[in-house]
Amino acid sequence: MPKMKTNRGAAKRFSRTGSGQYKSAHAHHRHILTKKTTKRKRQLRGTTTLAAVDVPAVRRMLPYD
């Protein structure tokens, strides 16, 4: 049976933490920032953990992580 291929787009967006969760960047922090409040932009910095409902899909895309 052939090896499973890693989805390269997902590999660039998600990474595994030590405890087995997945982390990613926040959405809505790339453009059209002028209308967003300073508080909202500040809270979109950094990373967040993936919601539990999205984990199975990401796990399928990243079989070796």
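The values are calculated or read from the model by the stated rules, or taken from the named source; none is laboratory data. Values in this document were obtained by computation on a predicted structure and should not be read as measured data. Cβ placement follows ideal geometry from the backbone for every residue including glycine, while neighbour counts extend to all protein chains displayed. The protein model used for the area step is the full one, side chains on, heavy atoms only, and it has no ligands, DNA or RNA in it. Shrake-Rupley method; radii C 1.70, N 1.55, O 1.52, S 1.80 Å.
Structure notes:
- Subset of the range 1-24 that is open to solvent by 60 Å² or more (accessible area, probe 1.4 Å) and not basic (Lys, Arg) - its residue that is nearest to Leu50 (Cα to Cα): Gln21
- Within the set Leu44, Leu62, the sole residue that is surrounded by 11 or more Cβ atoms within 10 Å (Cβ to Cβ), in contact with a His (Cβ under 8 Å, 6 or more places away or on another chain) and not basic (Lys, Arg) turns out to be Leu44.
- Pair list, Cβ under 7 Å, 6 or more apart: the range 23-39 residue farther than 20 Å from Leu62 by Cα and in contact (Cβ under 8 Å) with a residue 40 or more places away in the chain, other residue not acidic (Asp, Glu) and not in a loop (DSSP other than H, G, I, E, B): none
- Index of the failed condition, Asp65 passing every other in (1) modelled with pLDDT of 95 or more; (2) within 24 Å of Lys5 (Cα to Cα); (3) among the charged types (D, E, K, R): (1)
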